Amino acid sequence: MAVDGATLGRRLRERDTAAAPAALNLIEDRSPAGREQAAALLGEVSPGALGGEAPAHLIGVTGPPGAGKSSLLSALVDLWRGRDRTVAVLAVDPSSKRSGGSLLGDRARIDHDPADDGILIRSTAAGTRLGGLAPPTREATQALAAAFDLVVVETVGVGQSETDVEDVSDTVAVVVQPGSGDTLQFLKAGIMEVPDVLVVTKADQGGTALRARRDLAGALGALGCPETPVLAVSSLPPPTGVEELVEALEAHRSRLDVRAVRLRARRMAALADFTAEHGERALRALGGRRAAEAYLADQDPTLDASALGGRLEQRARSSA
Ligand SMILES: Nc1nc2c(ncn2[C@@H]2O[C@H](COP(=O)(O)OP(=O)(O)OP(=O)(O)O)[C@@H](O)[C@H]2O)c(=O)[nH]1
Ligand SMILES: [Mg+2]
């Protein structure tokens, strides 16, 4: 029997996390029939169907290769599950984009209990498009956000990341290891946007982590963002600093206008998808980026990114 997208979507909306693996399979199926079912699924978890924004805290965890993102997520997942929170992690796999694999030689997996429905870990492909996450990653985030308390997207990136995790996050945590000066330099030079939370890993290795923490805090102060939290953590058992990190993530989320942030993200995503598919010329046919943004701002705020993308296409056709 064909998978019924609408049923999976309704189950997610009722916070049935056991429906999530099948939902993700459907979203990754790019055949026409799969796309049709995925659209039905996403319709059931759109802000319109949910009666508002999905309740999940969407967290982006990003940082250079080997910084310790996955190890940190193992520790975070443990802590969250211990507090009875459900967690989904999408790890965006960049290996398809790299020539060698040596960089990823000592890559850690995210530890978890596979029998626990309250936790889901998935790898997803980075895709080939520059600027922005692959649409399946964004759709997966939207689906998971209906059912899980926390949805984390792990991406590899330094500075101007090729996979823009901000598209799908309420809170972005940048993870760096001690002694990696790149992030400090990118921050100082303004190449990298100031993250919501900065995390220095491998604090168990001693003074270098504390030095890195101090240098980063100094740079943030000089940039006029002295209140941005900079935390030092160790993810090896027994973890240290992870509770403080959870508090910092929650504090950021509690200050946020979630509706405004997500609304903006949906519009940006629709525009990025439209431009990726139809080119800058099609954008010009809409009157340019500004005009397209203004048009999107007039649309129903509960439409999801793909529905907004559909509106742009309609408009492009009618103005052609
Ligand atoms: N000593 C120490 N080692 C750590 C810590 N966290 C991670 N590591 C080690 O650092 C290496 C890379 O860790 P990962 O968690 O895979 O790092 P990552 O950022 O997810 O790496 P990619 O996904 O490949 O970009 C592994 O060998 C880990 O065991 C830590 O807190 N302390
Ligand atoms: Mg990793």
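The values are calculated or read from the model by the stated rules, or taken from the named source; none is laboratory data. Predicted, not measured: the structure shown is a model, and the values here were computed from it. Note that each Cβ is placed from the backbone with ideal geometry, even for glycine, and that neighbours are counted across all protein chains shown.
Values for this structure:
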quantity	calculated
Selection status of Leu236, surrounded by fewer than 20 Cβ atoms within 10 Å (Cβ to Cβ) and within 16 Å of ligand 2 (Cβ to nearest atom)	yes
Flag for Ala276 being in a helix (DSSP H, G or I), assigned by TED's automatic domain parsing to the domain that holds Glu139 and more than 17 Å from the chain's Cα centre (by Cα)	no
